[in-house]
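Read through the structure below, which is laid out as structure tokens, and then see the notes.
The values are calculated or read from the model by the stated rules, or taken from the named source; none is laboratory data. Quantities reported herein were computed from a predicted structural model and do not represent experimental measurements. So basically every Cβ, Gly included, is an ideal-geometry build from the backbone, and we count neighbours across all protein chains shown. Protein only, heavy atoms only, side chains kept; ligands, DNA and RNA dropped before computing areas. Shrake-Rupley method; radii C 1.70, N 1.55, O 1.52, S 1.80 Å.
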Amino acid sequence: MRTRFVLSVAATDLLSLAVSFGVASFLAFGTAFPWQAQPIWPLIGFVSASMIAMSFVTDKMAGPGVPRPTYGRMSMIGLGSLLLTTGLLVIFRDAYFSRPFLFSSLLIWLVPATMHRIVRRRRPWSERMIVITKEKKLADDLRLADHAVVVEVFEPGFEGDMDLPEPGIHIAVDLGAVLSERMAQFVSSCDLAGYTIRPFASIYEEHTGRVPLVHLAEGWEISAPLLRVARWLPGKRATDLILTVLVSPIWLTLGLLVALYLKAAERGNVIFRQVRVGLDGDQFTMYKFRTMEIDAEVDGPRFASEHDPRVIKGGAFLRKSRLDEIPQLWNVIKGDMALVGPRAEQVSFAKDFHASIPFYGHRHLVRPGITGWAQVNYGYADDQAETVEKLTYDLYYIKHMSPVLDLRILWKSIWIVVTGFGAR
């Protein structure tokens, strides 16, 4: 199902590119058939090959999750195709090329590429499955996933009669459970009959974007996959620095305006400093614009709550719009934080969670981020139970880190700034 879906998106992109060639040719040469005006076949071949290559690369970079026709991936395909085509033209200098034709082709391609993604996102594909697990809550989470259709849930120890599944149904088996003899026979028979048998934990991750904590045993299930992207982490750090510096005129200007407002409206320091836990459990000083009373934590640290009385005038807007987090970009430059990663927690909370929540310490395998997978999917956690829920998202991010996932999180973060989702 996944392969068919990805190939369908790529094929539609190529068909859209063919149409854009015709329109661009008419604009540049006065004919919808460019080869009638110029020997343009090599350029068409370069662009087409580049788009095929970028479709393959972005699919591999996206990780094992449910494939979605995202606009971020579309942008990467378009920009990457332009860069690859430029490189090929430099190598093959004798090949004819037309800048108006090249740029207009890719710009026009964005229109049908965007349209067919809008249509696909409205009617996403679904994966029908039978689930064999004793974890009812996880099964309920899976039922709520956009692309999963849970036909039936069986207990691992079920001993009754079971009918042959309909064609196309996948069998999700909880490998941590002991199957009854009857259930083991059913799974074996489905395997021999050609049905797809998959671990329940893997299907749960793909469809929910979370790691099922009850299925973790040693912790290396998270740290081992991280080793596969270890060579990319220096590139992630370099990208964070470059992006932060490039947009510095914007965030420095906004930061100055916020600082002037706070200075005029409130007494005390404009910048709030607090020690947080970062990479490898090391502590660092995190910076934010102060949005609470000076003595907000005189009785000790505690979670912020909705309509928190400690918030100063204008502080609610700063928190909702995330403008209070602008100084954290200095933490990114220093290397304490990344643009994307788990939330940096206060030292006292981190110690308590590390002692009471299994695998909580694995959040510190990577740099904490200004935004992250948990923040854009769950929002703010104000107690230990909700922290456990957020941890399932954080561990998923650490296990499946990729440039495309980071881009997806940054894009969703922009939408969250607009809507104010999860702010406290």
* FRET efficiency estimate (nearest 0.05) - Cβ-Cβ, ALA385 to SER348, R0 22 angstrom -> 0.75
* Considering only VAL153, VAL340, VAL247, give the residue with the highest GNM mean-square fluctuation for the chain, with springs between Cα atoms whenever their separation is below 10 Å. => VAL247
* To do: Return the subset of LYS134/LYS351; LYS313/LYS412; LYS263/LYS351; LYS334/LYS412; LYS134/LYS320; LYS137/LYS334 for which the Cα-Cα distance in this structure is over 30 Å, preserving the input order.
  => LYS134/LYS351; LYS263/LYS351; LYS134/LYS320; LYS137/LYS334
* Take the solvent-accessible surface of the protein heavy atoms, probe 1.4 Å, and return the percent of it on region 306-424 that carbon and sulfur atoms account for. => 61 percent
* Per residue, in Å², the accessible surface of the chain once ligands and nucleic acids are set aside, probe 1.4 Å -> 52 Å²
* Structure fact -> Mean-square fluctuation maximum in Gaussian network of the chain, Cα pairs under 10 Å, restricted to ASP352, ASP161, ASP280, hits ASP161
* trypsin sites (Lys or Arg not before Pro) within region 109-164: which are DSSP loop residues with at most 16 other Cβ atoms inside 10 Å? -> LYS134
* Asked: Regarding region 108-189, what is the average projected area of its C-alpha convex hull, in nm²?
  -> 7.1 nm²
* Accessible area, 1.4 Å probe, largest first: how do ASP336, ASP140 sort? -> ASP140, ASP336
* Measure off 7 Å from each Cα along the Cα-to-Cβ vector at ASP140 and THR3, then give the distance between these two points in nanometres to one decimal. => 3.7 nm
* Structure fact -> With the convex hull built on the alpha-carbon atoms of region 340-424, volume per residue in Å³ sits at 83 Å³
* Asked: Across the chain, where is the longest run that never hits GluC sites (Glu not before Pro) in a DSSP loop with at most 11 other C-beta atoms within 10 Å?
  -> 1-158
* Sort ILE409, ILE333 by accessible area with a 1.4 Å probe, largest first. => ILE333, ILE409
* Convert each backbone phi in region 283-288 into a coupling constant with the Karplus relation 6.51 cos²θ - 1.76 cosθ + 1.60 (shift: θ = phi - 60°), then list the ³J(HN,Hα) values in order as whole Hz, x for Gly and Pro. => 8, 8, 8, 9, 10, 8
* To do: Could you pull the Cα extents of the chain along its three principal axes, largest to smallest, in whole Å?
  => 79, 70, 35
* **Cα-based reach from LYS136 at 28 Å (exclusive), listing lysines while leaving out same-chain residues under 8 positions away** => LYS390, LYS399
* Asked: Can you work out the FRET efficiency for the pair VAL417 and LEU260, with r the C-beta to C-beta distance and R0 = 22 Å, to the nearest 0.05?
  -> 0.60
* **Spatial separation of Cα centroids for region 223-243 and region 323-364, in angstrom** => 17 Å
* To do: Could you compute the FRET efficiency for ARG182 and ARG128, with r as their C-beta to C-beta distance and R0 at 22 Å, rounded to 0.05?
  => 0.45
* Could you give the C-alpha radius of gyration of region 97-147 expressed as a fraction of 2.2 N^0.38 Å, taking N as the number of residues it contains? => 2.08
* Asked: Comparing THR371, THR12, THR253, which has the greatest mean-square fluctuation in the GNM of the chain with Cα pairs linked when under 10 Å apart?
  -> THR253
